[in-house]
Amino acid sequence: EPEVTQTPSHQVTQMGQEVILRCVPISNHLYFYWYRQILGQKVEFLVSFYNNEISEKSEIFDDQFSVERPDGSNFTLKIRSTKLEDSAMYFCASTLGRANTGELFFGEGSRLTVL
Amino acid sequence: QKEVEQNSGPLSVPEGAIASLNCTYSDRGSQSFFWYRQYSGKSPELIMFIYSNGDKEDGRFTAQLNKASQYVSLLIRDSQPSDSATYLCAVTSNTGKLIFGQGTTLQVKP
């Protein structure tokens with residue numbers, strides 16, 4: 001069964017360092033998302049991406065965050081200068097159509113720990 | 001006002017009982033409603049989605065939607081210990097993104 005894959009599964013970094021989280025969405029999907037979940041809190045929307053551009057972003061997704069799809073398969077989330085409060089599980093997700101038309105497929109997540 | 005509200009629980013039921021999980025949402029324009037299950041440390045996995053008022057059944061699971069009351073629920077019949085998890089209600093915004101509630105923790109006791 002097709003699946004969304006994410007790497008790394010866990011990354012530990014020092015505050016102020018840059019981090020890149022990688023995702024390979026399901027191959028025929030067109031819409032891509034990043035969500036995050038701080039430990040014990042709800043899953044929060046960060047950004048959606050369609051047709052090689054951001055279609056929507058949340059207040060959390062400030063100038064420290066960026067996304068790109070460099071090669072038609074990978075979908076990356078970059079955090080330029082990590083803060084302690086960026087520690088969370090980051091989930092990549094993809095859908096064939098917009099999220100309101102069907103299932104959002106999640107990857108297993110990348111746990112980011114900022115020290 | 002929170003966009004999607006759920007009682008965080010824990011909701012504890014004995015094995016074999018019916019578990020009832022509830023969710024309310026604030027955006028009257030929401031069109032699609034989802035229930036995800038999340039085990040500790042894992043990603044959310046879709047259980048059911050519902051678009052129309054009424055009930056939708058899939059095996060031991062029944063989703064119920066009442067748009068007038070802005071209320072969606074999930075019933076789990078014949079609850080099993082393996083059903084113990086956090087259940088996330090999610091609602092689509094008018095822009096298409098999914099907005100999640102904080103989740104209800106279900107404990108099914110053998």
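Based on a Kirkwood Rh over C-alpha pairs, give the Stokes-Einstein translational diffusion coefficient of the protein assembly as shown at 37 °C and viscosity 0.692 mPa s in µm²/s.
In µm²/s, the coefficient is 182.
Round to a whole angstrom and tell me the spacing of the C-alpha centers of segment B:71-110 and segment A:48-96.
25
Report the convex hull volume per residue for segment B:28-71, counting only C-alpha atoms, in Å³.
Value for segment B:28-71: 86 Å³ per residue.
Taking only the Cα atoms of segment A:52-104, how large is their convex hull per residue, in Å³?
Given the Cα convex hull of segment A:52-104, per-residue volume reads 111 Å³.
Provide Rg over Rh for chain A; use the alpha carbon set for both Rg and the Kirkwood Rh (inverse mean inverse pair distance).
0.94
Count the lysine pairs in chain B whose Cα atoms lie under 30 Å apart, taking only pairs 8 or more positions apart in sequence or on different chains.
So the count works out to 11.
Every number here is computed from the coordinates shown, using simple stated rules; none is lab data. Since the structure is predicted, the reported quantities are computational estimates derived from the model, not experimental observations.
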